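Following: one structure in structure tokens, then a few remarks.
The values are calculated or read from the model by the stated rules, or taken from the named source; none is laboratory data. On a predicted model such as this, the values are computed, not experimentally measured, just so you know. As a convention, Cβ positions derive from the backbone with ideal geometry for all residues, glycine included, and neighbour counts pool all protein chains shown. The area values use the complete protein model at the heavy-atom level, side chains included, leaving out ligands, DNA and RNA. Shrake-Rupley method; radii C 1.70, N 1.55, O 1.52, S 1.80 Å.
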Amino acid sequence: MAVPLIQAYRVGRYIAGKKLRGVKRYPLVLMLEPLFQCNLACAGCGKIDYPKEILQKRVSLEDALRAVDECDAPMVSIPGGEPLIHKEMPQIVAGIVARKKFVYLCTNAILLAKHIDEYTPSPYLTFSIHLDGGRERHDESVCQEGVFDKAVAAIRLARGKGFRVTINCTLFSGEDPDHVAAFFDEAMTLGIEGITVSPGYSYHHAPRQDVFLGRSASKRLFREIFKRGRKKGSSRPRWTFNHSALFLDFLAGNQAYECTPWSNPTYNVFGWQRPCYLLTDEGYAPSFKSLMEDTAWENYGVGRNPACDNCMAHCGFEGTAVDDTFSHPIKALTSALRGPRLTGPMAADPPILYGDRPSRTVATVAVTDIKRANREPDAPSRL
Ligand code: SF4
Ligand code: SF4
């Protein structure tokens, strides 16, 4: 199974339109964070470290759909927090589907059996189930036993009811490529459409800081994993990924990409988050237009901001890879046919330019106005 043709066609037509009109920055996936509250507290999560009054806030149905219309990206990813806790989530999803936009509802799946009948199967709706590894690895990652089994049961339930299902896998330090490969094999037997995979971004606000991979370690790990996943007699992976071929090649260290954070703009209970889904301390824009036009983009990216040093996340770089696919179709086709290159020198990382970093800042809602739970402003992370 792969992304349905209707999605490939609509998204391809959207990007081609932007490229033809010479639009330099365009949104590809709206990251709609409707709440930060979650029923888990994962070691690598940078989203749940807020005081109770903020965790209880919700993006309303009206605001969610206004953000979808304002941004007008062809795909909407709904992470969190845990979106299934949000009482208006079925209406939010239905409203997005009615606009013929492709929704990825990201969930840890604990509440999926309880709520699944509030949703209707559609080519426009995919449940993206959080699954970081096999039983032991996933339960360790989410810091709770039994969650893997619930997630797998939820995947089977959703597939049985005719929903599109992907898994969303984040890799952390200490991963064993053999175990990851065995987990990908197991995941594909569940009938999922594909695997979304990224190295975990080293959130400053995550409960644990020792779990994150650096960029070099990430690239070496992905080469090892992809080596184990080759089809017999071919260099292509036998797993289906929910990514472009060039993003996989980037993960394997072969593309010197800069991120395009505007490709995945983020809207949450504070408004439009500058500059991206991952950096949560840079302030908020009053509108999508302001986010796109007034953000000091030159202050962000690998080599331009220390907070970006280890980032290889798909919300920053998949948009770059997709844009590159349209700019260099032969390279993209070659990569798709051959699979990621797994030997030889890696592409150089961008040079460090921190010293030249411009001082322009345009945050509208200062991050100092947003209280974080569990620690004073400059105290170290928990654990
Ligand atoms: S990573 Fe996802 S499931 Fe885990 S605590 Fe954060 S929001 Fe919840
Ligand atoms: S590299 Fe880009 S996507 Fe990653 S944290 Fe920095 S600005 Fe965000």
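Some points to look at:
- Unique residue being over 20 Å from the mean Cα position of the chain (by Cα), polar (S, T, N, Q), away from ligand 1 (no atom under 16 Å from the Cβ) and at pLDDT 95 or above when the list is Thr126, Thr120: Thr120
- Test: residue in region 198-218 that is assigned to a loop (DSSP other than H, G, I, E, B), within 27 Å of Pro340 (Cα to Cα), out of contact with any Pro (no Cβ under 8 Å at 6 or more places or on another chain) and open to solvent by less than 10 Å² (accessible area, probe 1.4 Å): yes
- Put simply, of Leu61, Leu5, Leu20 the only residue that is without any contact (Cβ under 8 Å) to a residue 24 or more places away in the chain, away from ligand 1 (no atom under 16 Å from the Cβ), of a type outside the set (Phe, Trp, Tyr) and farther than 26 Å from Phe241 by Cα is Leu20.
- Scanning region 102-123 for residues that are open to solvent by 10 Å² or more (accessible area, probe 1.4 Å) and free of Cβ contacts under 8 Å to residues at least 60 places away in the same chain yields Ala113, Lys114, His115, Asp117, Glu118, Tyr119, Thr120, Pro121, Ser122.
- Of all residues in region 42-69, exactly one satisfies the criterion of being open to solvent by 10 Å² or more (accessible area, probe 1.4 Å), at pLDDT 95 or above and either touching a Ser or Thr at 6+ places or on another chain (Cβ under 7 Å) or small (Gly, Ala, Ser) (or both), namely Ser60.
- Any hit, region 292-300, residues being within 13 Å of ligand 2 (Cβ to nearest atom) and open to solvent by 60 Å² or more (accessible area, probe 1.4 Å): yes
- Among the residues of region 76-88, the ones that are aliphatic (A, V, I, L, M) and surrounded by fewer than 21 Cβ atoms within 10 Å (Cβ to Cβ) come to 1 in all.
- Condition met for Gly80 (without any contact (Cβ under 8 Å) to a residue 60 or more places away in the chain, under 18 Å from Ile129 (Cβ atoms) and among the small types (Gly, Ala, Ser)): yes
- Flag if Val147 is over 27 Å from Ala8 (Cβ atoms) and crowded, with 23+ Cβ neighbours inside 10 Å: yes
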